[in-house]
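Below is one structure, written out as structure tokens; comments come after it.
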Number of protein chains: 4
Amino acid sequence: MATTRHDGIAPLFVLHSSVRFTHTDPAGYVFFPRYFEMLQAVVEEWFNHALQQKYADLIMRRRLGTPTASIQCTFLKPSRLGDDLAIAVKIENIGNSSFRLRFIGSVEDNLRLEAVSTLVMICLDDGMARSIPPDLRARMESYQAGSWPS
Amino acid sequence: MATTRHDGIAPLFVLHSSVRFTHTDPAGYVFFPRYFEMLQAVVEEWFNHALQQKYADLIMRRRLGTPTASIQCTFLKPSRLGDDLAIAVKIENIGNSSFRLRFIGSVEDNLRLEAVSTLVMICLDDGMARSIPPDLRARMESYQAGSWPS
Amino acid sequence: MATTRHDGIAPLFVLHSSVRFTHTDPAGYVFFPRYFEMLQAVVEEWFNHALQQKYADLIMRRRLGTPTASIQCTFLKPSRLGDDLAIAVKIENIGNSSFRLRFIGSVEDNLRLEAVSTLVMICLDDGMARSIPPDLRARMESYQAGSWPS
Amino acid sequence: MATTRHDGIAPLFVLHSSVRFTHTDPAGYVFFPRYFEMLQAVVEEWFNHALQQKYADLIMRRRLGTPTASIQCTFLKPSRLGDDLAIAVKIENIGNSSFRLRFIGSVEDNLRLEAVSTLVMICLDDGMARSIPPDLRARMESYQAGSWPS
């Protein structure tokens with residue numbers, strides 16, 4: 001599930017998703033809102049594996065959430081039922097209480113989508129932004145530097 | 001369902017959607033991929049009402065689809081269960097085989113989201129781009145000029 | 001949105017839903033999990049209108065939820081993009097902390113689906129079942145007797 | 001992903017799914033329509049692995065679909081974010097153009113849901129029922145007998 005991808009400098013976390021019936025529309029292609037559900041799954045697995053922070057624990061024990069503040073996505077080519085969509089994650093920026101991720105989605109090395117998303121770290125009890133906790137920031141920085149437990 | 005909104009110059013098509021349990025996440029807010037399902041519903045009703053082209057007929061009789069080629073969305077404030085989300089549609093550009101829409105989403109005049117989406121007119125039989133048919137282009141131009149059957 | 005339907009004895013609450021692109025699969029029919037999202041919407045509007053209890057307030061103020069304990073659904077005929085699906089609600093049983101609803105879905109009087117669902121009243125703070133509060137029970141009984149603010 | 005489960009007599013195909021943010025509701029539990037999306041994924045992987053028929057090819061090359069004609073599901077206990085939900089598949093019956101599957105969902109051997117679903121084999125070009133093709137019937141019978149490429 002969690003494989004890596006070399007990208008010139010550093011290996012990236014990659015999640016493979018099967019395009020399923022659930023994702024596709026009457027044209028036989030992935031219906032675009034479904035891609036955003038896949039991107040959320042990528043974020044969760046990236047936390048689980050690359051940041052070594054179980055996403056479920058982040059939410060339920062640490063009471064921190066990562067809502068998406070903005071997202072820009074370009075769909076270069078449609079994906080179809082049965083495709084194996086590989087989505088790689090790159091950190092573009094680490095701010096105080098937000099971070100920016102780039103997602104590169106491809107099927108057998110053919111680019112399908114590219115997205116840039118800004119996620120905010122919030123406390124789920126009051127809904128307010130929080131500084132990214134030091135342990136997560138350190139692991140984000142390691143990931144950015146290409147050093148993570150792949 | 002389909003009301004209008006005055007915006008200085010021209011009235012805009014607005015679709016009201018109730019924020020439902022289905023849309024919300026463990027934080028109690030709308031989960032962001034659900035907004036894109038709402039935007040698709042807005043596009044369908046905008047075709048139905050403002051362009052006077054039943055979207056179901058566009059797909060099933062004319063065999064034309066309008067996949068999203070790219071989208072940029074900023075979520076300014078979260079929306080919650082029970083909110084009445086009003087999303088207005090503006091045409092930003094009408095190209096040969098694509099058109100660009102701006103969506104402005106608000107709850108009781110508080111801005112919640114703003115999105116810009118490029119949709120491509122394709123033929124569903126071959127998946128290839130098509131020129132926007134003259135009847136639809138004419139109605140898009142009327143809408144842009146503020147004249148539509150509101 | 002909320003209309004009524006005569007059924008021999010008592011009028012029933014009916015919610016109309018447009019079958020949208022979002023609901024349909026590569027075969028052009030409603031993908032069956034989407035029907036269950038529609039049934040949830042029906043439950044919410046039935047609370048809002050027939051029981052005069054805003055569902056959002058039930059969840060967020062009274063901290064009561066209505067998870068589905070079991071559901072049985074028969075899909076008699078497929079529904080397609082553009083169909084106007086009318087779903088009527090009947091109370092089959094009112095227990096201590098659960099109630100059983102029957103949903104009858106049709107398009108222009110052609111039966112499309114029939115479902116029976118058991119919902120449990122729980123407290124969202126501890127996840128435990130609760131007796132149906134007297135005010136809601138009274139309105140459920142009125143609904144069952146055919147007397148509700150339609 | 002596809003593991004097996006011994007069940008007294010024959011091993012069963014089991015798909016493990018992570019419960020994600022996407023699946024959960026404001027109560028923090030899996031929202032019940034999401035379970036049906038998971039069951040569809042189970043069917044697809046069961047075709048892929050246990051029946052050795054790529055589901056995408058079934059749809060796109062053989063033009064056969066497997067819509068759900070009826071489903072009965074009991075949710076015994078709620079599942080939460082981060083749970084590893086294992087769903088096993090049993091064949092209850094193989095008819096002429098339909099087959100009945102039983103799904104048993106558990107988290108670390110705690111039963112969470114049990115469902116029985118009748119799926120119909122249809123031709124996607126005319127929407128009409130078709131006899132289950134002999135190759136698929138033979139593999140379904142092998143699966144039922146506990147002999148499949150696990």
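The values are calculated or read from the model by the stated rules, or taken from the named source; none is laboratory data. Just so it is clear, the model here is predicted, and its values are computed rather than measured. Cβ: placed from backbone, ideal geometry, glycine included. Neighbour counts: every protein chain shown. Note: accessible area is taken over every heavy atom of the protein model, side chains too, but ligands, DNA and RNA are not part of it. Shrake-Rupley method; radii C 1.70, N 1.55, O 1.52, S 1.80 Å.
What to note about this one:
- Set B:SER142, B:SER150, B:SER131, B:SER97: member being free of Cβ contacts under 8 Å to residues at least 12 places away in the same chain, among the polar types (S, T, N, Q), surrounded by fewer than 18 Cβ atoms within 10 Å (Cβ to Cβ) and away from chain C (no Cβ under 14 Å): B:SER142
- Complete set of residues in the stretch B:8-25 that are more than 11 Å from chain C (Cβ to nearest Cβ), more than 17 Å from the chain's Cα centre (by Cα) and closer than 26 Å to A:ILE71 by Cβ: B:ASP25
- Selection of the stretch B:6-56 for residues being on the phi > 0 side of the Ramachandran plot and modelled with pLDDT of 95 or more yields only B:GLN52.
- Within the stretch A:47-94, the set of residues being surrounded by fewer than 21 Cβ atoms within 10 Å (Cβ to Cβ), touching a residue at least 12 places away in the same chain (Cβ under 8 Å), more than 18 Å from B:THR74 (Cα to Cα) and among the acidic types (Asp, Glu) comprises A:ASP84 only.
- Only a single criterion out of (1) within 14 Å of chain B (Cβ to nearest Cβ); (2) open to solvent by 20 Å² or more (accessible area, probe 1.4 Å); (3) within 12 Å of the chain's Cα centre (by Cα) is not satisfied by C:LEU119, namely (2).
- Boolean, D:GLY28 is at the interface with another protein chain (Cβ under 8 Å from one of its Cβ atoms), in contact (Cβ under 8 Å) with a residue 12 or more places away in the chain, surrounded by fewer than 21 Cβ atoms within 10 Å (Cβ to Cβ) and not polar (S, T, N, Q): yes
- Checking A:ASP125 against (1) over 16 Å from D:PHE21 (Cβ atoms); (2) modelled with pLDDT of 95 or more, the condition it does not meet: (2)
- Scanning the stretch C:76-84 for any residue that is outside any strand (DSSP E or B), touching a helix residue (DSSP H, G or I) at 6+ places or on another chain (Cβ under 7 Å) and under 27 Å from A:ASP125 (Cβ atoms) turns up nothing.
- Test: residue in the stretch A:86-108 that is at pLDDT below 95 and not acidic (Asp, Glu): no
- Among the residues making up the stretch B:48-66, those that are touching a helix residue (DSSP H, G or I) at 6+ places or on another chain (Cβ under 8 Å), more than 7 Å from every other protein chain (Cβ to nearest Cβ) and in a loop (DSSP other than H, G, I, E, B) are B:LEU51, B:GLN52, B:GLN53, B:THR66.
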